[in-house]
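Before any comments, here is the structure.
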Amino acid sequence: MGVSLSCLALARCAASGDVLVVVDRPAEAPEWALLQRELMAANAEGARVFMEKYVDDRGYLLHTERWGGNDGPDDAMENFHNWPLAYALGAPRSLIEHYSKAWEGHIVQYTEARAEGIPMAADGMYEREFITAFDWEHTGEGLQAFHFYGLGRPDDPRYRERVVRFAGFYNGDDPVARNYDPEHRLIRSLHNGSRGPKMTPATEQDWGGLPVRGEPERLTRYSTASRVVGDHPLNLLSTTLGVNAYVLTGERKYRDWVLEYAGAWRDRILSNGGNIPTRIGLDGTIGGEADGKWYDGVFGWNFWPEESGRNYFMRGPRVAMGNGLLLTGDPGWIEPLRQQITNLHAVRRVENGRISNSYVDFGGFQPGGREFGSLRARTFPIFLEELLRDLWGRAKHLASNQLDLFSPLPSSIFRVHLRAFTVLPPPQTRAGTLHRQKPA
């Protein structure tokens, strides 16, 4: 049978003019591939040590359960955020088994956990295995590992059931969690989840959890974050649930919802001159309930000038526009992001090597305000070469800090990283280096 199939393949290639490459003997694996395998094994051992020290037999994380954005449920699962991804790339099975134990344990742990006096956490921080109602900056962080799990175990029926249920909280399928308004194509509150949207002002404890003695800033840092009603670009992170549900089931309703909701935001951004609005009223208007100020709102452009990095205008759109591109292949989905970056670059003011993106009432992007994520001025505009070199620098920084991640295994992990950087050259983006050269 093998011979006949090979003959058929040869005949087909000869007829079509394609070149057939025959691999008929084993080749020695390159050193970089061996180093990858060694690194995966070392990190799997580190995960084992972590589980023994910080996770009990039930899969509960050994820490104090808290509600809120400081160290809430999302932070528990952030410890495991890339374990399923490593497994999908070929890491030992033990890594995904450790993750699964922690995931199942944390669901029970936070369903049982209470924060008395905080409505969305008084009867459990999770309901139906999902956060009751919180913002997607944190919900998204807690779901990173969950999203990656499907890459390694897409046939897990329990995982599929959860993805479908979670997506139903946002596409209108669920009769209780009425987060989405299909008429105005918006999510009705910045705080949303398995119990639906929070339609009343958020208190400091709604955001920061119960008070901790000697740490008043855990609450006061949310003193101006009460206005959560209405849509916010962070909510676009929910579209990944719809994408995963579509990929797993093939049901077009999930694809249609992602494109409908992300499309509404694409239209808003483009109609706002390419600037991402951070406050959408319940009537669907940009700046609704904020006197038309498109830059207003919690985690908006002018939010919390005392501290940089708390204006989360780009995190949701870059994911949702990417999801739109993934589902359609239409590069037009990237246009809102291109226009936003172009606008920022056009009014750039560089101070201490960083570009401002603060927008205040008296107009203009101001250099003294918050920063555009962690992007330095040299990466604007975001050319591929600059981006790759920036990532390369971050990778080297990560390698040098592995000693702090798994203290029982510093020598093995650091050794593998160090050897990898001596084998692999820095990334290049000149013509021909990212694509196979055509034969002369």
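Quick notes
- Restricting attention to the stretch 100-130, the residues that are touching a Lys or Arg at 6+ places or on another chain (Cβ under 9 Å), among the aliphatic types (A, V, I, L, M) and not in a helix (DSSP H, G or I) total 6.
- From Glu52, Glu45, residue being at pLDDT 90 or above, exposed (fewer than 12 other Cβ atoms within 10 Å of the Cβ) and within 29 Å of the chain's Cα centre (by Cα): Glu52
- When the stretch 307-343 is filtered for residues that are part of a loop (DSSP other than H, G, I, E, B) and among the hydrophobic types (A, V, I, L, M, F, W, C), the ones remaining, listed by number, are Phe313, Met314.
A quick yes/no check of all residues on (1) in contact (Cβ under 8 Å) with a residue 40 or more places away in the chain; (2) within 25 Å of Leu248 (Cα to Cα); (3) touching a strand residue (DSSP E or B) at 6+ places or on another chain (Cβ under 6 Å):
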residue	(1), (2), (3)
Gly105	yes, yes, no
Glu116	yes, no, no
Tyr126	yes, yes, no
Glu141	yes, yes, no
Tyr149	yes, yes, no
Asp156	no, yes, no
Ala167	yes, yes, no
Arg185	yes, yes, no
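- In the stretch 187-212, the residues that are basic (Lys, Arg) and either without any contact (Cβ under 8 Å) to a residue 12 or more places away in the chain or closer than 22 Å to Asn70 by Cα (or both): Arg195, Lys198
- If the condition is being under 26 Å from Trp103 (Cα atoms) and either of a type in the set (Gly, Ala, Ser) or surrounded by 23 or more Cβ atoms within 10 Å (Cβ to Cβ) (or both), then the stretch 173-196 contributes Ala177, Asn179, Leu190, His191, Asn192, Gly193, Ser194, Gly196.
- For the stretch 83-99, filtering for residues that are touching a residue at least 40 places away in the same chain (Cβ under 8 Å) and either in a loop (DSSP other than H, G, I, E, B) or more than 19 Å from the chain's Cα centre (by Cα) (or both) leaves 8.
- Residue list for the stretch 203-243, filter: touching a helix residue (DSSP H, G or I) at 6+ places or on another chain (Cβ under 6 Å) and among the charged types (D, E, K, R): Glu204, Arg218
- Test: residue in the stretch 249-256 that is touching a Phe, Trp or Tyr at 6+ places or on another chain (Cβ under 7 Å) and closer than 30 Å to Tyr159 by Cα: yes
- Checking Gly214, Gly168, Gly196 one by one, the residue that is in contact with an Asp or Glu (Cβ under 6 Å, 6 or more places away or on another chain) and either not aliphatic (A, V, I, L, M) or not in a helix (DSSP H, G or I) (or both) is Gly168 and no other.
- Selection status of Ala14, at pLDDT below 90, under 39 Å from the mean Cα position of the chain (by Cα) and either in a loop (DSSP other than H, G, I, E, B) or small (Gly, Ala, Ser) (or both): no
- Pairing each residue of the stretch 229-251 that is at positive phi with any residue that is part of a helix (DSSP H, G or I) and surrounded by fewer than 24 Cβ atoms within 10 Å (Cβ to Cβ), provided the two are 6+ apart or on different chains, yields no C-beta distance under 9 Å.
- Qualifying positions in the stretch 276-302 - surrounded by fewer than 19 Cβ atoms within 10 Å (Cβ to Cβ) and over 23 Å from Pro182 (Cβ atoms): Asp291, Gly292, Asn302
- Test: residue in the stretch 205-227 that is under 17 Å from Ala121 (Cα atoms), crowded, with 22+ Cβ neighbours inside 10 Å and of a type in the set (A, V, I, L, M): no
- Whether a residue is outside any helix (DSSP H, G or I) and in contact with a His (Cβ under 7 Å, 6 or more places away or on another chain) was assessed, and Gly69 passes this test.
- Residue match in the stretch 48-59 (condition: assigned to a helix (DSSP H, G or I) and closer than 30 Å to Thr203 by Cβ): no
- With respect to the conditions (1) outside any loop (DSSP other than H, G, I, E, B); (2) buried (at least 23 other Cβ atoms within 10 Å of the Cβ), Glu161 lacks only one, and its number is (2).
The values are calculated or read from the model by the stated rules, or taken from the named source; none is laboratory data. Given the structure is predicted, the values throughout are model-derived calculations rather than measurements. In this analysis, Cβ positions are derived from the backbone assuming ideal geometry, glycine residues included, and neighbour counts consider all displayed protein chains.
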